[in-house]
Structures are given as structure tokens and as C-alpha cells.
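The structure under discussion appears below in the form of C-alpha cells.
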């Protein structure tokens, strides 16, 4: 049984999220998803949707076998619990594969890191583009 792990913020679900998670699931038998905690999102604007609601939405996706919130202190903590065989990175996620692979080994996690190359192309295939469209149509959020 090959266990795949995908992570992300998953703010305002859109077709790009579904494509990423479907491609990740295709790499193995089980798909676990870690939804980023609000406090841990530092590389982009804070999510619009609260973490509990983002988790509930991801849990409701048919392709996801198990979803959970990440740790607020140690991003490797849930990985040690899940014990993934593969960690799937989205096309636009900010991690460097080789650097992440080394950090995983240091933390005793023997998962293989795979970058999902498939990308959903549409006008509203990112949370940022959805937010911009709302602002354009309404003048504000």
C-alpha cells in the first residue's frame, strides 16, 4: 500500500486544487492531505477561509482518503505520524525538492518527493485569481 501525502493551504477550493490532489492520488493507493494552519502560512497572504473550514472542504473531496490540520510548531510532526511513501508537491508550491528531501532524511522520514507537473489552466484556477475577480466585480472584498 503506497501512501501519498499532499500539503497546501487550500484557501477557496478551485479546479487547480482538485487537479493537484487527483494527480497526487494517482501516485499511490492512499492520499493523505495536510491543510496548513493559519499561523504557519508565511509565504503568501493569510488565508481568507478559516483553517477548520478549509479542512472540512478538503475532507469532503472524494479523492482524499484522510485530511488533517498541520502542526503549529513543527511541519515534520504530522509526517512522522502519517509515514508517507511519497510527498507530492504542487507545480507552484515554494519548496525546493532536493532541499526538502534532505530535511526529511534529517527528520527520519524516508519519503520520496515528487513534483506534480500537471497544471489546470483556467482564469479562476488559483485562490488569488478568484479573490482578484471578486475585487474587480465588487470594488472590494
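Filtering region 6-15 down to residues that are in contact with a helix residue (DSSP H, G or I) (Cβ under 6 Å, 6 or more places away or on another chain) and either closer than 12 Å to residue 55 by Cβ or not in a loop (DSSP other than H, G, I, E, B) (or both), which residue is modelled with the highest pLDDT? So, considering only residues that are in contact with a helix residue (DSSP H, G or I) (Cβ under 6 Å, 6 or more places away or on another chain) and either closer than 12 Å to residue 55 by Cβ or not in a loop (DSSP other than H, G, I, E, B) (or both), the one modelled with the highest pLDDT is 6.
Only a single item in (1) closer than 20 Å to residue 114 by Cβ; (2) without any contact (Cβ under 8 Å) to a residue 60 or more places away in the chain; (3) not in a loop (DSSP other than H, G, I, E, B) is not met by residue 87, and it is number (2).
Among the candidates 123, 74, the residue that is in contact with a helix residue (DSSP H, G or I) (Cβ under 8 Å, 6 or more places away or on another chain), assigned to a loop (DSSP other than H, G, I, E, B) and free of Cβ contacts under 8 Å to residues at least 12 places away in the same chain is uniquely 123. Residues in region 19-46 that are under 18 Å from residue 88 (Cβ atoms) and assigned to a helix (DSSP H, G or I): 19, 20, 21, 22, 23, 24, 25.
Checking each residue in region 1-41 for being over 14 Å from the mean Cα position of the chain (by Cα), more than 13 Å from residue 67 (Cα to Cα) and free of Cβ contacts under 8 Å to residues at least 40 places away in the same chain picks out 1, 26, 29, 39. When residue 32 is tested against the conditions (1) out of contact with any strand residue (DSSP E or B) (no Cβ under 8 Å at 6 or more places or on another chain); (2) at pLDDT 95 or above, the lone failure is (1). Being outside any helix (DSSP H, G or I), under 20 Å from residue 126 (Cβ atoms), in contact with a helix residue (DSSP H, G or I) (Cβ under 6 Å, 6 or more places away or on another chain) and free of Cβ contacts under 8 Å to residues at least 40 places away in the same chain is the requirement here; does residue 49 meet it? Considered against the rule, which asks whether it is outside any helix (DSSP H, G or I), under 20 Å from residue 126 (Cβ atoms), in contact with a helix residue (DSSP H, G or I) (Cβ under 6 Å, 6 or more places away or on another chain) and free of Cβ contacts under 8 Å to residues at least 40 places away in the same chain, residue 49 comes out as no. Residues of region 101-117 that are outside any strand (DSSP E or B) and either surrounded by 13 or more Cβ atoms within 10 Å (Cβ to Cβ) or over 18 Å from the mean Cα position of the chain (by Cα) (or both): 101, 102, 103, 104, 105, 106, 107, 108, 109, 110, 111, 116. The condition of being within 18 Å of residue 33 (Cα to Cα), modelled with pLDDT of 90 or more, in a helix (DSSP H, G or I) and within 13 Å of the chain's Cα centre (by Cα) does not hold for residue 64.
The values are calculated or read from the model by the stated rules, or taken from the named source; none is laboratory data. Values in this document were obtained by computation on a predicted structure and should not be read as measured data. All Cβ positions, even for glycine, are placed from backbone atoms using ideal geometry, and neighbour counts span all protein chains on display.
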